[in-house]
1. Out of the helices (runs of 4 or more DSSP H) lying entirely within the range 106-189, which hold 3 or more residues that are of a type in the set (S, T, Y) and at negative phi?
2. Output yes when any residue across the range 20-27 is without any contact (Cβ under 8 Å) to a residue 40 or more places away in the chain and over 17 Å from N96 (Cα atoms), and no when none is.
3. Tell me which residues, restricted to the range 8-23, are within 19 Å of K160 (Cα to Cα) and either aromatic (F, W, Y) or buried (at least 24 other Cβ atoms within 10 Å of the Cβ) (or both).
4. Out of the residues in the range 157-170 meeting the condition of being buried (at least 16 other Cβ atoms within 10 Å of the Cβ) and closer than 13 Å to I23 by Cβ, tell me which one is farthest from the chain's Cα centre (by Cα).
5. Scanning for something touching a His at 6+ places or on another chain (Cβ under 8 Å) and part of a loop (DSSP other than H, G, I, E, B), does the range 62-72 turn up at least one residue?
6. For the range 162-189, what are the residues that are over 25 Å from S80 (Cα atoms) and without any contact (Cβ under 8 Å) to a residue 24 or more places away in the chain?
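What follows draws every value from the coordinates through simple rules; no lab data is involved. Not measured: the values here are computed from a predicted model. No Cβ is skipped: glycine too gets one built from the backbone with ideal geometry, and neighbour counts run over all protein chains shown.
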Amino acid sequence: MGTTNILIAGVGGQGLVLSTRIISYAAFKEGFDIKSGDVIGLSQRGGTVWGSVRFGKEVHSPIIPNGEADILLGLEELESLRWLHLMRKNAHIIINKQNIFPNRVLIEKEEYPKDIVADLKSKGFQVDSVDAREIARTAGNVKTENIVLLGRLSKLLPIKYETWIETIKENVPAKTVDINIIAFNKSRE
C-alpha cells in the first residue's frame, strides 16, 4: 500500500483538530507510519482552518503535494473548494452540507457559490454530500458533526471499526463518548 493522503478543511470551531487527531491515532494504532499537521491560527475568528493526515508504510512529511490528496473531508462546503489544487483526479470528497458565510459574503461584497456539490462532481470528483448536522441532531447532539463525517470517512480507509471506536473513546470527553459513538455509527449506516 502506498501513502494515503487526507486533507481536512473547515472553519474555526468545527472540530478540525479533534478530527485530525482521531484519524491520525486510528491509523497509528493500525501500524501505519503517520504524519499530520494542522493550521488553526484563525480558528478563534471563524476563519479558514485545515489539516492533513498522511499514512502508509513510510511517510516523510505531513505536507500533501499538489495533485496527490486522495480524500478531502470538507467540514463546510466553501472550504472544500479552496483545496482542489491538492486533489488527485477522481479523488473522494466527503462534504458537509453546512454553509458558514465568510465576512465578505456577510457584508455583501461577494456571493456564496451556488451548487458546490454539482461543481465538484462536474470536475470528476467522487462526492459524498452529507447532512452532518441533521445526522448529529438525530444522534442527540449537533456538536458531533465532525464525528459524523469521520464515520463516513471510516468506510474509505483500511482501519478496523473497532480501532475507530477505541480511538473515539480515548479522544472525546468521557461524558460524550456514547453520543459520539452513536453519531459515528449513524453516519456509517
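1. 161-171
2. Scanning the range 20-27 turns up at least one residue that is without any contact (Cβ under 8 Å) to a residue 40 or more places away in the chain and over 17 Å from N96 (Cα atoms).
3. Of everything in the range 8-23, those that are within 19 Å of K160 (Cα to Cα) and either aromatic (F, W, Y) or buried (at least 24 other Cβ atoms within 10 Å of the Cβ) (or both) turn out to be S19, T20, I22, I23.
4. Among those that are buried (at least 16 other Cβ atoms within 10 Å of the Cβ) and closer than 13 Å to I23 by Cβ, it is T163.
5. Looking through the range 62-72, at least one residue is touching a His at 6+ places or on another chain (Cβ under 8 Å) and part of a loop (DSSP other than H, G, I, E, B).
6. Hits for the range 162-189 are E162, I165, K169, P173, A174, K175, V177, D178, I181.
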